[in-house]
Amino acid sequence: MTRPIDAALAAEIGASYVGVVFADGPRRVTPAQARTILDSAGGSVKRAGVFGTNSPDEIARFSEEARLDVVQLHADPTNDDVRAVRKQFSGEVWAAIRISGSHIPPYAELLFDTADAVVLDARSEKRLGGTGEALPWNDLALDLARDRGGSAVVLAGGLKPGNVASAIRTLAPDVVDVSSGVESCPGVKDPWLMREFYAAASGTRAH
């Protein structure tokens, strides 16, 4: 989210999480902006922050200022990265696995036991996320059945109102994460698309 009005609408519609981006890209916000945006969502949602190559100290500082409940690590995090953030942040630590082919990379198996959640996203050499590129869900289903440990599974990458129901049926994620799929332009959410996405993801009819 980059605008308070969008965060407020997400909470109104029924989102469980509202997120902001601190990594480089068109949706990047400052900790002060993040606090304002997330405050607009009220107290019914968990507050998430997406980080790139930020140091654990910076992540802890930003998280405190923005009052985050969840930290997402998106720059190919390792188990050591997750543990380092945990030493300074008491909330949930999610680790993103950026997938470039049709399989979950072998190194990711350990993250399923270390992170509170694993985010499956499409790899792009241009930026960390929000690319709109969909994952090969059918190909990943067997890998996920093998690797899925104690962590929750968060599915991202190219989700939109027209495909999220199929993605959920195929991979049964615990959380679906959408950004560009409900935008009119980078950082600006479309109210109609947001409602349609929630309806498709939750199996309810939009109104």
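The values are calculated or read from the model by the stated rules, or taken from the named source; none is laboratory data. Treat the numbers as computed from the prediction; the structure is a model and nothing was measured. Reconstructed Cβ throughout: ideal geometry from the backbone, glycine too, with neighbour counts over all protein chains shown. Heavy atoms of the whole protein, side chains included, go into the accessibility calculation; ligands, DNA and RNA do not. Shrake-Rupley method; radii C 1.70, N 1.55, O 1.52, S 1.80 Å.
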Q. Can you name the number of the only condition in (1) among the small types (Gly, Ala, Ser); (2) touching a Phe, Trp or Tyr at 6+ places or on another chain (Cβ under 6 Å); (3) open to solvent by 30 Å² or more (accessible area, probe 1.4 Å) that Ser40 fails?
A. (2)
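Matching residues to (1) out of contact with any Asp or Glu (no Cβ under 8 Å at 6 or more places or on another chain); (2) within 23 Å of Arg28 (Cβ to Cβ); (3) aromatic (Phe, Trp, Tyr); (4) open to solvent by less than 40 Å² (accessible area, probe 1.4 Å):
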residue: Gly158; (1), (2), (3), (4): no, yes, no, yes
residue: Asp174; (1), (2), (3), (4): yes, no, no, no
residue: Cys185; (1), (2), (3), (4): yes, yes, no, no
residue: Ser202; (1), (2), (3), (4): yes, no, no, no
Q: Output the residues belonging to the range 1-28 that are in contact with a helix residue (DSSP H, G or I) (Cβ under 7 Å, 6 or more places away or on another chain) and closer than 12 Å to Phe51 by Cα.
A: Val20, Phe22
(Q) Looking at Ala84, Ala10, Ala23, can you tell me which residue is at pLDDT below 95 and of a type outside the set (Ser, Thr, Tyr)? (A) Ala23
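Restricting to the range 26-37, and then to whatever is open to solvent by 40 Å² or more (accessible area, probe 1.4 Å) and in contact with a Pro (Cβ under 8 Å, 6 or more places away or on another chain), can you tell me which residue is farthest from Arg3 (Cα to Cα)?
Going through the qualifying residues, I end up with Pro26.
Return the total of residues in the range 93-104 being more than 16 Å from Gly158 (Cα to Cα) and modelled with pLDDT of 85 or more. Write out each step before concluding.
Of the range 93-104, the ones more than 16 Å from Gly158 (Cα to Cα) are 93-95, 103-104.
Filter once more, keeping what is modelled with pLDDT of 85 or more: 93-95, 104.
Final tally of qualifying residues: 4.
Could you tell me whether any residue of the range 187-195 is out of contact with any His (no Cβ under 6 Å at 6 or more places or on another chain), within 25 Å of Val70 (Cα to Cα) and modelled with pLDDT under 95? Don't jump to the end; show me each part of the working.
Residues of the range 187-195 out of contact with any His (no Cβ under 6 Å at 6 or more places or on another chain): 187-195.
Checking which are within 25 Å of Val70 (Cα to Cα) leaves us with 187-191, 193-195.
Cutting the leftovers down to modelled with pLDDT under 95 gives us 187.
Yes; the residues of the range 187-195 include at least one that is out of contact with any His (no Cβ under 6 Å at 6 or more places or on another chain), within 25 Å of Val70 (Cα to Cα) and modelled with pLDDT under 95.
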Q | Members of the range 3-35 that are under 14 Å from Ser63 (Cβ atoms) and assigned to a helix (DSSP H, G or I) | A | Pro31, Ala32, Ala34, Arg35
Q: Would you mind telling me which numbered condition in (1) touching a residue at least 60 places away in the same chain (Cβ under 8 Å); (2) surrounded by fewer than 18 Cβ atoms within 10 Å (Cβ to Cβ) Asp6 fails?
A: (2)
